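Below is one structure, written out as structure tokens; comments come after it.
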Amino acid sequence: MKCHTRYTIPFVILSAALIQGALARGFAPAPTEVLEYITAHNEEWGKELCDLVNIPSISALPAHALQVDSAAKWVTNLMSSIGLRNVGIFRTSLHHPTTYGEWLLAPNAPTALIYGHYDVQPVDPLDLWDSDPFKCERRDGVYTGRGVADDKGSGILPALHAIQAVLSATGTLPINVKVLIEGAEEIGSPGMKGWIEAHKEMLKCDFVISADGSQVAVDQPGLVLGLRGMASMGFTLTTASTDLHSGLFGGAVQNPLRAMAQLISSLHSPQGKIQVDGFLDDVKDLSASELVDYKRFEELVDVKGELAKVGVDEPFGEEGHSILEQRWSRPTIEVVGMWGGFMGDGIKTVLPREAHAKLAMRLVPYQKVELVTDAVKQHLMSFLPPSCNLTFDFVSKGSEAYLANKDGYWMAAASATLKHVMGAEPVYYRMGGSIPAVAHFKEILDVDTIFMAFDVPDQNIHAPNEFMREGLYEMAHEAFAHLLFEVKAAYAETVPTTERAEL
Ligand SMILES: *[C@@H]1O[C@H](CO)[C@@H](O)[C@H](O)[C@H]1NC(C)=O
């Protein structure tokens, strides 16, 4: 709270000044010839979307590795054909290839790193799909298929096509762009942190545009200011060298499932407050301006209704924190798996020898993955019930949470662009999920990210029958094109000539 309150007022004044500046200047849209180019290519780009969706680039399944490769090649072919330079596919130290291209010929202009991913989630349960997830269709105003929204249609193709439109129609770009489209976002971007570190010079930029993200609703834009981080671990409790007869040994030997239940329940109070020593130490209260943003979001979105929609009538959670705080800005330790003993039909009178559990933690800004992971390990060891052994099966490296500043000409430009294309003032909010690369960009490149993607919550991303509205697909193209011009105008207005970075 302390450190937040101190900075809140200058930030508010600064953001207000930026927005006023934009108002005084007026929005700097993409020129008419660019917008005409987009409209003229709408049909063709719909077919391109289906081409890319039909490549089943499922990063989680080893059997799809070749298709993930094919999608990387498809993306780099497009990058080259639209006029990006130094286009390449990178593999070293990565789980799946990452694609890169750049265009750096705009002097006295900022450099944006555009980020997205061409990999997709698995499709099961397949029988719940109304059509083949990898035979993209265009019907009734939507495109269908796995990845058609997340992230092929809501982000990466609109971003690349917008570059194509501006370059073709005007012969140049208003700003410099570097484009990084990876193939392992859906499995947590393993290896990406080290890869970014190794390519720090190549990726150097003024801000990131994430083509992965979402909007609040079809008519309500939003700008994400924070993401939670992530860490996980699995462990086993062992009480004997073999499973035992529950009659002959029961009572004289510790039961590992009971011990596991006791150990797991020591992590939280009954109302869900985390009781791990040190875990909450670095968690900060929300600043006054963030509380205002949360309130505004609650006015726009039926937060309780979202829970009711998934069959939850009664919200749960630590006292004194709203549903949104619980979902966005409080950390969690979730038991994501817990098993052992006899799980078949009927009863088997066994006293099992071991029990297993997996924990997934969502972390918030200022928490450090390593410190909280150690705190949880320490807790499990010191609360271990008697007569059992604890072994860790795995402990993830995890990824840090992300928190952006609301000031910065790129944020003002993103806000003005979203308002221009969607017709409403964007709401600032956080997401409870994690996009590891965005946290790595902040940590390693020290840059903020603006989110420009056009999923809305009903489009079944990660679920059966994923779809993308035709209208939003076209709007996404226009938004990226406008953003390139608006961010240049916002930069020219706010960054004094003397402070501009040399390329
Ligand atoms: C528990 O650990 C101790 C010390 O390493 C070992 O002697 C014992 O056999 C272990 N017990 C089980 C049930 O694994």
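At a glance:
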{"read-out": "Region 197-233 versus region 51-87: alpha-carbon centroid distance in Å", "value": "21 Å"}
{"read-out": "Set of region 418-439 residues, backbone N closer than 13 Å to the point 7 Å along the Cα-Cβ line of GLU299", "value": "425-428"}
{"read-out": "Degrees between helix 42-53 axis and first principal axis of the chain (Cα, 0 to 90, nearest 10)", "value": "30 degrees"}
{"read-out": "Net length gained if the chain between ASP446 and VAL218 were fully extended (0.36 nm per residue, minus Cα distance)", "value": "78.9 nm"}
{"read-out": "Portion, in percent, of the accessible area of the chain that falls on carbon or sulfur, probe 1.4 Å", "value": "54 percent"}
{"read-out": "Derived scalar couplings ³J(HN,Hα) [region 265-278; Karplus, 6.51 cos²θ - 1.76 cosθ + 1.60; whole Hz; x for Gly, Pro]", "value": "6, 6, 6, 10, 6, x, 8, x, 6, 5, 10, 7, 3, x"}
{"read-out": "Nearest 10 degrees, 0 to 90: helix 65-81 Cα axis against the chain principal axis", "value": "20 degrees"}
{"read-out": "Computed lengthening from VAL253 to ALA198, 0.36 nm per intervening residue step minus Cα-Cα distance", "value": "14.5 nm"}
{"read-out": "Whole-number accessible area per residue in Å² for region 184-315, which is evaluated in the context of all protein chains at 1.4 Å", "value": "48 Å²"}
{"read-out": "For region 293-387, alpha-carbon Rg relative to the globular expectation (2.2 N^0.38 Å, N residues)", "value": "1.51"}
{"read-out": "From phi via Karplus (6.51, -1.76, 1.60), per-residue ³J(HN,Hα) for region 139-145 in Hz, x at Gly/Pro", "value": "7, 6, x, 9, 9, 10, x"}
{"read-out": "Cut-off 15 Å, label 7 Å out along Cα→Cβ of ALA463, residues of region 301-315 by amide N", "value": "305-312"}
{"read-out": "Solvent-accessible heavy-atom area per residue, rounded to whole Å², over region 357-503 at 1.4 Å", "value": "39 Å²"}
{"read-out": "Nearest-10 value in Å² for the accessible area of HIS161, using the 1.4 Å probe", "value": "0 Å²"}
{"read-out": "Stretch gain in nm, segment VAL336-LEU105, where the contour uses 0.36 nm per residue and the Cα spacing is subtracted", "value": "78.3 nm"}
{"read-out": "Semi-axis lengths (Å, descending) of the ellipsoid that matches the C-alpha gyration tensor of region 349-503", "value": "44, 23, 11"}
{"read-out": "Pair ASP345, LEU371: separation of 7 Å Cα→Cβ label points (nm)", "value": "5.3 nm"}
{"read-out": "Whole-angstrom gap from region 156-188 to region 325-386, using each part's C-alpha centre", "value": "41 Å"}
{"read-out": "DSSP beta bridges in the chain [antiparallel fraction, %, rounded to 5]", "value": "70 percent"}
{"read-out": "Spacing of the two label points (7 Å from each Cα toward its C-beta) at LYS419 and LEU307, in nm", "value": "3.3 nm"}
{"read-out": "Angle between the chain longest axis and helix 2-25 axis [Cα atoms, degrees, rounded to 10]", "value": "30 degrees"}
{"read-out": "Global geometry of region 253-347, whether rounded, prolate or oblate, following the gyration tensor of its Cα atoms and the 1.5 cut on a/c", "value": "oblate"}
{"read-out": "Protein-only accessible surface order, largest first, of VAL310, VAL68, VAL495 at 1.4 Å", "value": "VAL310, VAL495, VAL68"}
{"read-out": "Per-residue ³J(HN,Hα) for region 84-95, Karplus 6.51 cos²θ - 1.76 cosθ + 1.60, θ = phi - 60°, Hz, x for Gly and Pro", "value": "6, 10, 6, 6, x, 10, 10, 10, 4, 6, 9, 6"}
{"read-out": "Pairwise FRET efficiency - SER93 versus SER131, Cβ, R0 = 51 Å, nearest 0.05", "value": "0.85"}
{"read-out": "Relative contact order of the chain, defined on C-alpha pairs under 8 angstrom at six or more residues apart (%)", "value": "26 percent"}
{"read-out": "Relative packing of 41-48, 230-237, which averages over residues the other C-beta atoms within 10 Å, highest first", "value": "230-237, 41-48"}
{"read-out": "Net charge dipole size for region 115-182 [Lys, Arg +1 and Asp, Glu -1 on Cβ; Debye, nearest 20]", "value": "420 debye"}
{"read-out": "Paired Rg and Dmax values of the chain, which use every Cα atom, in angstrom", "value": "24.7, 84"}
{"read-out": "Distance (nanometres) between label positions extended 7 Å along Cα→Cβ at LYS397 and THR172", "value": "4.1 nm"}
{"read-out": "Unit charges on C-beta of K, R, D, E only; dipole of the chain, Debye", "value": "1060 debye"}
{"read-out": "1.4 Å probe accessible area per residue over region 28-134, in Å²", "value": "44 Å²"}
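The values are calculated or read from the model by the stated rules, or taken from the named source; none is laboratory data. Because the structure is predicted, anything quoted here is derived from the model rather than measured. Glycine gets a Cβ as well: all are built from the backbone with ideal geometry, and neighbour counts include every protein chain shown. The accessibility values were calculated without ligands, DNA or RNA, using every heavy atom of the protein model including side chains. Shrake-Rupley method; radii C 1.70, N 1.55, O 1.52, S 1.80 Å.
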